[in-house]
Amino acid sequence: MLPIRIVAIPTEVAEAVRATLRAPVYGFPAHAEVATNAAPCRHCLRTFVVGKDRRILFTYNRFTGVEPLPQPGPVYVHADACPRYAEDASFPEELRGSQRTVEAYALGRRLLAQEYVTDGKFEPVIEKLFAGSNADYLQINSTTAGCFTFRIERASAQ
Ligand SMILES: [Zn+2]
């Protein structure tokens with residue numbers, strides 16, 4: 001397996017949303033609620049406990065930090081502080097049970113390939129997309145909801 005980095009949204013973004021209840025950059029109102037489904041927090045990459053965890057829905061540019069052209073969409077974070085997912089950890093175990101789309105991009109937001117993973121076996125797909133293309137990074141999205149989940153970069157890139 002190639003060395004990879006799991007890139008969740010920055011802690012500063014999660015903290016800004018919690019403090020202001022507004023989307024960073026856009027300023028759109030954010031929405032706080034008790035979780036009604038087991039979607040993942042984009043900061044700790046753990047799934048919400050339905051009926052218990054409080055979460056905030058806000059607008060986020062899924063190309064933050066890698067591309068000048070934005071593509072905003074809805075994402076959740078825990079309403080209370082949570083630890084950011086470690087970049088050197090492996091694929092988030094709590095996300096294996098849900099359908100995710102893995103998109104391979106070259107800088108310039110050029111989509112090179114995409115794979116729909118339904119069986120939780122992400123590593124072979126990640127390996128194939130990085131090895132078989134000039135991909136600079138991968139975007140992981142929810143296949144069923146379409147929302148951005150997190151980014152994967154080559155660990156050797158930095
Ligand atoms: Zn969280």
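Could you figure out which of (1) more than 16 Å from the ligand (Cβ to nearest atom); (2) surrounded by 17 or more Cβ atoms within 10 Å (Cβ to Cβ); (3) more than 18 Å from residue 153 (Cα to Cα); (4) not aromatic (Phe, Trp, Tyr) isn't true of residue 99?
(2)
Give the residue, chosen from 130, 91, that is modelled with pLDDT of 95 or more, surrounded by 14 or more Cβ atoms within 10 Å (Cβ to Cβ), of a type in the set (Phe, Trp, Tyr) and not in a strand (DSSP E or B).
91
Note down all Cβ pairs under 6 Å where the first residue falls in the range 131-144 and is within 26 Å of residue 93 (Cβ to Cβ), the second is of a type in the set (Asp, Glu), and they're at least six residues apart or on different chains.
Filtered contacts from the range 131-144: 137/153; 139/103.
Out of the range 29-67, which residues are of a type in the set (Asp, Glu), surrounded by 14 or more Cβ atoms within 10 Å (Cβ to Cβ) and within 15 Å of the ligand (Cβ to nearest atom)?
53
Tell me whether the range 1-9 contains one or more residues that are away from the ligand (no atom under 15 Å from the Cβ), of a type in the set (Lys, Arg) and under 14 Å from residue 151 (Cα atoms).
For the range 1-9, residues away from the ligand (no atom under 15 Å from the Cβ), of a type in the set (Lys, Arg) and under 14 Å from residue 151 (Cα atoms): present.
Could you tell me whether the range 68-78 includes any residue that is surrounded by fewer than 14 Cβ atoms within 10 Å (Cβ to Cβ) and either in contact (Cβ under 8 Å) with a residue 24 or more places away in the chain or touching a strand residue (DSSP E or B) at 6+ places or on another chain (Cβ under 9 Å) (or both)?
Among the residues of the range 68-78, at least one is surrounded by fewer than 14 Cβ atoms within 10 Å (Cβ to Cβ) and either in contact (Cβ under 8 Å) with a residue 24 or more places away in the chain or touching a strand residue (DSSP E or B) at 6+ places or on another chain (Cβ under 9 Å) (or both), which makes the answer yes.
The values are calculated or read from the model by the stated rules, or taken from the named source; none is laboratory data. Nothing here was measured: the structure is a model prediction, and the numbers come from that model. Counting neighbours? That spans all protein chains shown, and the Cβs are built from the backbone with ideal geometry, glycine included.
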